Each structure stands twice: as structure tokens, then as C-alpha cells.
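The values are calculated or read from the model by the stated rules, or taken from the named source; none is laboratory data. In this text the structure is predicted, and so the values were computed from the model without any measurement. In this analysis, Cβ positions are derived from the backbone assuming ideal geometry, glycine residues included, and neighbour counts consider all displayed protein chains. Please note that ligands, DNA and RNA were not included when accessible areas were found on the heavy atoms of the full protein model with its side chains. Shrake-Rupley method; radii C 1.70, N 1.55, O 1.52, S 1.80 Å.
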Amino acid sequence: MDDDLRARIETEAEKHALFNALKHDSDADVGAIMGPLMGENPAFREHGSEIPGVAGKVIGQVNQLDTEGKRERLAELDPELVEELDAEDEEDDQVLPDLPNAEEYDQVRMRCAPNPNGPWHMGHGRMPAVIGTYKDLYDGWFLVRFDDTDPETKRPNMDAYDDILEDVEYLGFEPDEVMKASDRLEIYYDHARDLIEKGGAYTCSCSGEEFSNLKNDAKPCPHRDKDIETTMSEFEDMIAGEYSSGEMVLRVKTDIEHKNPALRDWVAFRIIDTPHPREEAAEYRCWPMLDFQSGIDDHLKGITHIIRGIDLQDSAKRQRFVYDYFDWEYPEVIHWGHVQIDDYDIKMSTSTIGELIEKGELDGWDDPRAPTLQSVRRRGIRGEAITEAMVGLGTSTSNVDLAMSTIYANNRELVDDDAPRFFFVRDGVEYPLIGEHPETAEPPVHPDHEDRGTRTIPAGEAVLIESGDIPEHGDRIWLKGLGCFQHTRDALQYTGDDISAVRDDGVDVIHWVPAEENVPVRMRTMDGDVEGSAEPDFADTDVDEIVQFERVGFVRVDSEDGDETVTYFTHE
């Protein structure tokens with residue numbers, strides 16, 4: 001990295017650090033600015049391993065400024081960013097747009113309708129986050145309905161029902177009602193019978209290819225004008241299991257010449273020979289398609305507003321045919337684009353993640369490499385950090401990108417104040433200490449809370465330091481809390497220099513742990529497991545506690561035994 005590039009990085013890092021600190025009214029942090037810094041400056045990416053070190057020194061200087069000083073400096077570097085901050089301050093606190101025509105309803109009633117074919121990936125969290133927030137905004141009503149009427153191609157996972165409800169709770173919400181569509185087959189049958197009586201449906205034994213050709217040519221199926229009695233009889237035979245898969249379907253009679261072929265006489269019920277995994281539904285063979293089942297349930301549960309993907313616009317159009325037959329009012333619909341989340345090498349797909357688990361390439365749904373809510377929960381990320389980030393995306397019809405750095409920044413604000421600090425050394429190299437050095441270091445439990453006291457770290461006769469922190473022979477290093485040492489004869493010689501060595505001479509401050517008295521730690525990360533050692537007081541932490549390993553990042557304590565403590569890396 002040449003001097004010109006370093007200067008550019010310092011300027012850009014300072015600008016982003018100032019903006020981040022002012023926006024969140026807190027100290028800036030390397031992790032919080034790396035996303036926008038690298039995103040806006042592609043030329044920096046090839047130096048990605050060096051940039052945190054350069055940015056860290058700039059951020060330290062930024063954090064020394066008071067609020068006014070930060071604003072003045074940002075105004076010098078980028079006046080438009082100051083204007084952006086001021087504009088954000090003027091915006092209404094409500095980040096979501098108003099629901100259409102909400103004032104026309106006695107109560108806003110919304111639903112989240114997951115398919116329980118596996119635990120939720122990160123993208124699934126957007127729906128309950130937004131619906132739950134709308135419920136709070138409008139004092140509304142929130143339904144979780146499991147759309148589990150496909151026991152074959154999207155076969156329900158029996159654990160997923162509870163897993164998904166746990167994820168909803170994790171995100172900060174409690175549904176007013178929970179129901180399973182597979183418990184409601186008789187309700188769907190009754191409405192199908194009513195639809196047949198109204199002349200709105202017919203049974204069809206065409207093969208898929210035959211009907212597709214007719215549909216695409218805008219020609220009616222030969223069964224379309226079948227009399228109601230025959231249709232009703234054949235539908236009852238479908239319910240009774242008289243047909244095999246593919247032999248007979250029930251179609252909603254729409255407009256066979258509709259300009260959109262996908263809306264022409266769509267399937268409402270089909271036969272599935274594979275038994276449902278739930279014992280209560282295992283005997284059924286005649287299953288509704290999602291558009292029929294969902295449309296009926298939305299009406300019966302009084303749903304006023306539906307949020308669904310922009311790619312599902314045809315669903316509303318199909319369901320409106322059924323609503324017209326029954327003379328029902330269709331709910332308000334909001335279509336939004338898909339959300340993509342960075343930082344993961346694995347596709348956000350329930351089936352893909354499940355396959356990787358079956359192959360042993362992932363340890364489970366909560367593997368830190370998996371883009372799932374179970375994974376980030378185990379890493380120690382609070383649900384409200386995810387909810388805030390998801391709500392911040394709004395309800396745009398465009399596809400949106402969510403940077404994990406946004407979630408990390410939200411979570412950092414939630415956990416930083418409570419997280420005690422500890423030294424942690426990865427793959428430590430042992431160095432003897434020589435000279436009359438202090439016997440112990442007593443750094444604060446938390447640098448912002450003197451009242452929480454200090455922790456005691458015995459130096460002993462040798463320490464472990466990270467290989468990247470080893471100074472050149474003859475150079476000095478400052479062991480945090482202990483003092484200044486010089487690297488000499490493969491040992492660290494205490495020099496007794498005061499703190500001016502750091503301030504004036506640029507001696508690096510590093511963390512360390514005693515070579516003998518330490519706690520073995522395995523830190524699970526998105527890039528694999530990291531082994532290291534923590535200071536002795538780390539042994540007193542509790543499982544589920546969030547702590548900060550200084551200069552490394554926040555971690556959640558996952559398990560403890562006599563030989564090793566396992567932690568999950570949260571974020572920097």
C-alpha cells in the first residue's frame with residue numbers, strides 16, 4: 001500500500017466514522033464502517049486485510065472529538081453527509097409507510113403464512129418483523145398460519161412448526177393466533193362444494209400436458225361444462241380417495257380467454273398420495289392448492305392487509321375470482337421485492353441449507369455459516385437488531401439489499417454497554433518476561449463504567465501473544481495494563497517506559513494472556529473455528545453471556561467444560 005492510497009483510505013475512513021458516530025450518537029467502530037467504506041471504494045478491496053488497521057487509528061482520533069467537533073470536521077470533508085444527517089433527524093419516527101385504507105377497518109388484521117418445510121433463513125425474518133411492527137403501530141391483530149397443505153413437494157418438517165414460532169418470539173413478537181392449514185381440510189372442502197354449487201368449479205381429468213395446450217390456445221377444457229351434479233360427485237370421490245395422483249383435479253372456472261394464461265381455470269384441489277407427516281392429517285389425499293386455501297383462510301380470519309412478494313401478483317388475481325363468486329371483499333395487498341443479505345456464501349434457501357446439513361457440510365441449522373435465524377441467535381445477535389434492520393428496508397416493490405453490518409451496528413448498540421471485556425489470544429506464541437515487571441494487570445471490566453471495577457490478570461513468568469503482534473527484535477511493545485517491553489533474545493524485557501511511549505513514540509498496544517494461567521477457548525466463526533486462550537477471569541462467565549474479546553469482537557458463551565469453553569463469534 002503506497003502513501004497516496006493510505007491517505008485516501010484514512011480520509012474515507014474518517015468520513016464514514018464521523019457519519020456513523022453522529023448518526024448513532026456513539027463512538028464509531030471499525031466493523032460498522034467497513035461495509036460502506038469498501039462498497040463505495042472498490043479499489044480498496046484488494047487491501048482488505050490492511051484496511052482495518054489503517055481505519056482503526058483514524059477512528060480512535062474521531063472518537064476523541066465531541067459531537068460539535070465531529071459535525072464541523074464532517075462538514076469539511078463532505079457537507080452533503082451533514083445534510084443527510086439533518087434530513088434523517090427531520091423524518092417522522094415511523095419508518096414504515098401507512099397501510100392503505102387502514103382507517104376503513106375496525107381493526108387492522110394481518111397474517112404471516114410460513115410453509116413449515118424447515119426452520120427460517122434470514123430472509124424469512126422480514127415478514128414477521130414488518131407485520132409485528134404494523135400490529136404495534138395500529139394496535140392490530142397478528143396471525144401465524146402454517147400453510148402446510150403440500151405434504152409432498154414442500155413436505156412439512158415436524159420440528160419447524162415450533163422452530164418458526166420461536167423465531168417469531170425471538171424477533172420480538174407474539175401472534176394473537178396460531179393455526180395449521182392441515183387442520184382445516186373440511187373447511188376447504190365445504191367451500192369447494194359451495195363453489196361447485198355456484199357453477200364456479202369443475203372436475204377435470206385432462207393430463208397436465210393436455211390442459212396446458214388447451215389453456216395456452218385459450219380453448220376450454222372438454223370437462224368445463226360438466227353439470228354440477230357430476231362435478232360434485234367426482235369431487236366427493238376425490239375426497240374419498242377414489243383417484244390416484246394426477247387422475248383428477250378440481251379447477252376454478254375463470255376466463256379461458258384471459259390475457260394471462262396463468263389465470264385461466266387454475267387448479268384448486270389435487271390428489272397427493274404421499275401421507276402428511278402430521279398424524280391428524282395423514283389420512284387426507286385431496287389437498288387444496290395454496291391460492292385456494294390461503295384465499296379462504298384470509299376471508300374467514302378477517303385479514304385486512306396482505307404483504308406478499310412482487311412475484312406473487314398472480315395469486316391475488318387468482319383469488320379474486322373465488323372472492324367474486326362468494327361476493328367477498330378482497331383484502332388490501334402490498335407487494336414487495338425480495339431481500340438479499342450479504343456476508344454469506346450459502347444461498348438463502350431452506351432446501352439448500354437442509355441438503356448441506358444432510359451432507360454434513362453444515363453442523364445444523366444453527367451453524368455460524370448458515371444464513372438462518374437460529375444461527376444468528378446462537379451467535380448472540382438479538383432479535384430486535386434484526387427487526388430494526390428489516391423494518392428499515394420498508395416495503396418497496398424493488399429488490400433490496402441488507403448488509404449484515406447494519407444488523408451488527410444495531411446489535412452493538414444493544415450489547416456493548418453490558419458486555420464485560422476480556423483479553424483473548426488466538427494461536428498464541430509464548431514469550432518469557434524478564435526484568436522487574438508488574439506482577440498483575442488490572443484493566444477495567446468495562447472502559448465506560450468504572451463502578452464495575454477491574455479484573456486481575458497475573459503476568460506470571462511468560463505470556464502468550466498473537467503472532468501478528470510480535471515486534472521486530474529490538475522494538476518495543478506495550479502489553480495492555482502491564483507496561484512497555486522490548487523484544488530481545490526471544491523474550492520480552494520490561495523497560496519501565498511510561499505511557500508516552502505509546503502516545504509519542506507510536507508503540508503498539510496489544511492484548512495478552514498469561515502462558516500458564518489461562519482459559520482454553522474455541523471460537524466458532526463464519527470462517528471456521530478459531531482456537532485460543534482467554535484471561536483467567538473469563539472462567540467465571542456464564543453460558544449465554546455476551547462478552548467482548550478486546551481487539552477481536554463480541555462473542556456469546558455457548559458451553560463450558562473442564563477442558564474448553566466454546567464461544568460463538570457475534571461481530572466486531
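Things worth noting here:
- Residue (of ALA160, SER26, SER315) at the positive-pole extreme of the chain, dipole from beta-carbon charges: SER315
- With all protein chains in place and a 1.4 Å probe, the accessible surface of the chain carries 41 percent carbon and sulfur.
- Computed magnitude of the charge dipole of the chain (debye, nearest 20; Cβ of K, R +1, Cβ of D, E -1): 2220
- Averaged over its residues, segment 531-572 has an accessible area of 40 Å² per residue, based on protein heavy atoms and a 1.4 Å probe.
- Degrees between helix 30-40 axis and first principal axis of the chain (Cα, 0 to 90, nearest 10): 60
- Share, in percent, of DSSP beta bridges within the chain that are antiparallel, nearest 5: 65
- Gyration tensor (alpha-carbon) shape descriptor, segment 404-456, a/c threshold 1.5: oblate
- Cut-off 11 Å between beta-carbons: net charge of the residues surrounding SER245, Lys and Arg +1, Asp and Glu -1: -1
- Square roots of 5 times each gyration tensor eigenvalue, C-alpha, segment 298-374, largest first, Å: 37, 13, 11
- Heavy atoms of LYS317: accessible area, 1.4 Å probe, square angstrom to 10: 90
- Placing a label point 7 Å from the Cα of GLU329 along the Cα-to-Cβ direction, the residues of segment 272-299 whose backbone N falls under 17 Å from that point are 298-299.
- Reduced Cα scattering model of segment 209-250, Debye log10 I(q)/I(0), q = 0.17, 0.18 Å⁻¹: -0.56, -0.61
- Placing +1 on the Cβ of every Lys and Arg and -1 on the Cβ of every Asp and Glu, with nothing else charged, gives segment 334-445 a dipole about its Cα centre of roughly 460 debye.
- Contour minus Cα-Cα distance for GLU104 and ASP561 (0.36 nm per residue): 158.6 nm
- Phi-based couplings in Hz for segment 413-428 (Karplus 6.51, -1.76, 1.60; Gly and Pro marked x): 5, 7, 9, 4, 5, 9, 6, x, 9, 8, 7, 9, 10, 8, 6, x
- log10 of Debye I(q)/I(0), alpha-carbon scatterers only, for segment 470-572 at 0.18, 0.19, 0.20, 0.23 Å⁻¹: -0.90, -0.95, -0.99, -1.11
- Ordering TRP512, PRO444, SER205 by Cα displacement along the dipole of the chain toward the positive end leaves SER205 in first place; charges were set at the Cβ atoms of Lys, Arg (+1) and Asp, Glu (-1).
- Test item: Cα-centred dipole of segment 461-515, Lys/Arg +1 and Asp/Glu -1 on Cβ, debye: 120
- Where the alpha-carbon atoms of the chain are placed on the principal axes, they occupy 102, 54, 43 Å, in descending order.
- Distance between modelled label sites at GLU68 and ARG224, nm, 7 Å Cα→Cβ extension: 7.8
- Net charge of neighbours whose Cβ lies under 11 Å from the Cβ of ARG145, counting Lys and Arg as +1 and Asp and Glu as -1: -2
- Residue-averaged 222 nm ellipticity for the chain, from DSSP H runs of 4+ at -39500 (n - 2.57), nearest 500: -10000 deg cm²/dmol
- Projected onto planes of every orientation and averaged, the convex hull of the alpha-carbon atoms in segment 173-238 covers 7.1 nm².
- Our note on the geometry: Cα centres of segment 272-314 and segment 391-456, 46 Å apart.
- Relative contact order for segment 2-121, counting Cα pairs under 8 Å that sit 6 or more residues apart, in percent: 28
- From most to least packed by mean Cβ count within 10 Å, the peptides 109-117, 7-15, 35-43 give 109-117, 7-15, 35-43.
- Normalised by the number of residues in segment 236-393, the mean separation of alpha-carbon contacts (under 8 Å, six or more apart) gives a relative contact order of 13 percent.
- Neighbour cut-off at most 12 other Cβ (10 Å), DSSP loop, trypsin sites (Lys or Arg not before Pro), segment 472-572: ARG489
- Counting Lys and Arg as +1 and Asp and Glu as -1 over every other residue whose Cβ lies under 14 Å from the Cβ of SER205, the net charge comes to -3.
- Translational D in µm²/s for segment 118-220 (Stokes-Einstein at 20 °C, 1.002 mPa s, Kirkwood Rh from C-alpha pairs): 126
- At a probe radius of 1.4 angstrom, the accessible area of segment 298-402 per residue rounds to 45 square angstrom.
- Computed over segment 31-140, the P(r) tail beyond 17 angstrom holds 74 percent of alpha carbon pairs.
- Between helix 228-240 and the chain: long-axis angle, C-alpha atoms, 0 to 90°, nearest 10: 50
- Contact order, relative form, for segment 67-198: 24 percent (alpha carbon pairs under 8 Å, 6 or more residues apart, mean separation divided by residue count).
- Computed lengthening from GLU197 to ASP427, 0.36 nm per intervening residue step minus Cα-Cα distance: 75.3 nm
- For the chain, the longest principal axis of the alpha carbon atoms and the long axis of helix 185-197 meet at an angle near 40°.
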